[in-house]
Amino acid sequence: MANYKELLKHINTFIFDYDGVLTDGSVITTNEGDAHRVSNVKDGYALQLAVKKGYRVAVISGAKSQSMMHRLKALQITDIFLGIEKKQDTYRAYLEKNNIKSEQVLYMGDDIPDYEVMLEAGVPTCPADAAEEIKSVARYISHFSGGKGCVRDVIEQVLKVQGKWMNDDACHW
């Protein structure tokens, strides 16, 4: 089996779960029923940088809210799949539609709904606080927890391996 860092050379697509990956998994519900989530600006910087550098970035989540959509669109992410019950079907359709091979995909998930996709992704990764079942199939477990920099961690690693970190427009947002 190839070394984890060697696998990063082939990545051109990042796919992330939302809650527990782009957030710490906490949801604050208001009296009106609105769900508020907290996201990390360093993760946000890395996401928009990946988009700017030509990587495909997608989010597949079982959750669905306007605030999630607003955050992702602000980061220039256009491949957004919310309210998805069976992530594996969406994952397969996305790859087929965009002519992407599994070995070109880094997927980050944190819980049981991500399990099947992680078995198919070229580089399955997870945050430090992911469920044990997810950690057991991850090729890389970030030292950072969900919503605390794990997304930045994996994007930065890919860009560094591919020589695209801290060059030309990397410092401008």
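Things worth noting here:
- The number of residues in the range 6-47 that are in contact (Cβ under 8 Å) with a residue 40 or more places away in the chain and under 12 Å from the mean Cα position of the chain (by Cα) comes to 14.
- Only one of Leu72, Leu95, Leu106 that is of a type in the set (A, V, I, L, M, F, W, C), in a strand (DSSP E or B) and either out of contact with any Phe, Trp or Tyr (no Cβ under 6 Å at 6 or more places or on another chain) or within 27 Å of Glu6 (Cβ to Cβ) (or both): Leu106
- Filter result for Ala58 (in a helix (DSSP H, G or I) and among the aliphatic types (A, V, I, L, M)): no
- Pick from the range 6-36, criterion of a type in the set (Ser, Thr, Tyr) and surrounded by 12 or more Cβ atoms within 10 Å (Cβ to Cβ), ranking: farthest from Gly122 (Cα to Cα): Ser26
Rule-based calculations on the coordinates, nothing more; no lab input. The model shown is predicted, which means the values in this text are computed figures rather than measured ones. Positions of Cβ are generated from backbone atoms using ideal geometry, with glycine treated the same way; all protein chains shown enter the neighbour counts.
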